[in-house]
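Remarks on the structure that follows.
The values are calculated or read from the model by the stated rules, or taken from the named source; none is laboratory data. Quantities reported herein were computed from a predicted structural model and do not represent experimental measurements. We place every Cβ from the backbone using ideal geometry, glycine too, and count neighbours over all the protein chains shown.
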Amino acid sequence: METLEAIKKRVSTRKFLKKQITEKDLKIILEAGTQAPIAYNKYDDLVITVVQDKETLDEIDRLCDEHYGADTMVFFNAPTLIFVSSKKAKYDQEYENVACVMENMALAATDIGVGNVYLKGMTLHIEEKTLSRLLKLPPETRAIAALGVGYPDGEFLPKEHQMKIDRI
Ligand SMILES: Cc1cc2nc3c(=O)[nH]c(=O)nc-3n(C[C@H](O)[C@H](O)[C@H](O)COP(=O)(O)O)c2cc1C
């Protein structure tokens, strides 16, 4: 698939098959993530954590349900969650850095037919200390977002998005 085609086809997938993604597909997605640009070349500040362990996924789900007081399906039963975490950067670039990693992974996943969804909610609703412990993060490193990935259950068609574009 051409890059532009992957960009056009990327869509949030919110229903996944139970089947786990192959190691080959996971490797492609992770490699794309690590190729992202990072401010000041500070790659050491970032950690990518692949969560496939059922108990950990269940615990994340439970903690989110606890926050909402309802069954939320916050990660849509994606069989794999890829968390992207970072140390705080001098000029708050950790958010942009993580977003670059996330989008690279989302496009790579799209390219190989792996469904994906950008997930921020979990990192907001689970207490930072608890999530850091679950993800075994190094000190001063905080989970900022996660990509839910898995094979899509059904067809998810990309939407056309509009943004205001000015020319001066
Ligand atoms: C920073 C960020 C946070 C997001 N957080 C969530 C989330 O927590 N849960 C979710 O279902 N989708 C989340 N999304 C996905 C957006 O809702 C989605 O990309 C947007 O509605 C456009 O739809 P599309 O991805 O299908 O094109 C997030 C996207 C971004 C960029």
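Of all residue pairs spaced 6 or more apart or on separate chains, those with beta-carbon atoms under 8 Å, a first member in segment 122-143 that is small (Gly, Ala, Ser) and a second member that is modelled with pLDDT under 95 and within 16 Å of the ligand (Cβ to nearest atom) are ALA143/MET122. Scanning segment 1-38 for residues that are closer than 19 Å to VAL101 by Cα, within 16 Å of the ligand (Cβ to nearest atom) and not in a helix (DSSP H, G or I) yields a count of 5. A single entry from GLY150, GLY154 fulfils the requirement of being in contact (Cβ under 8 Å) with a residue 60 or more places away in the chain, more than 24 Å from LYS90 (Cα to Cα) and surrounded by 13 or more Cβ atoms within 10 Å (Cβ to Cβ): GLY150.
Residue count for segment 48-107, restricted to those that are of a type in the set (Phe, Trp, Tyr), under 22 Å from GLU140 (Cα atoms) and surrounded by 14 or more Cβ atoms within 10 Å (Cβ to Cβ): 1. Among residues that are within 13 Å of the ligand (Cβ to nearest atom), within 21 Å of LYS159 (Cβ to Cβ), in contact with a Ser or Thr (Cβ under 7 Å, 6 or more places away or on another chain) and not polar (S, T, N, Q), GLY121 is not included. GLY115 meets each of the listed conditions (1) under 20 Å from ASP25 (Cα atoms); (2) over 16 Å from the mean Cα position of the chain (by Cα); (3) more than 9 Å from the ligand (Cβ to nearest atom) apart from (2).
Condition check: in contact (Cβ under 8 Å) with a residue 24 or more places away in the chain and closer than 24 Å to LYS15 by Cα. Does VAL47 satisfy that? Considered against the rule, which asks whether it is in contact (Cβ under 8 Å) with a residue 24 or more places away in the chain and closer than 24 Å to LYS15 by Cα, VAL47 comes out as no. Do the conditions hold for ALA70, that is, is it out of contact with any Cys (no Cβ under 8 Å at 6 or more places or on another chain), small (Gly, Ala, Ser) and modelled with pLDDT of 95 or more? Criteria not met by ALA70. Looking across segment 136-156, the residues that are over 11 Å from THR13 (Cβ atoms) and either basic (Lys, Arg) or over 14 Å from the mean Cα position of the chain (by Cα) (or both) come down to LYS136, LEU137, PRO138, PRO139, GLU140, THR141, ARG142.
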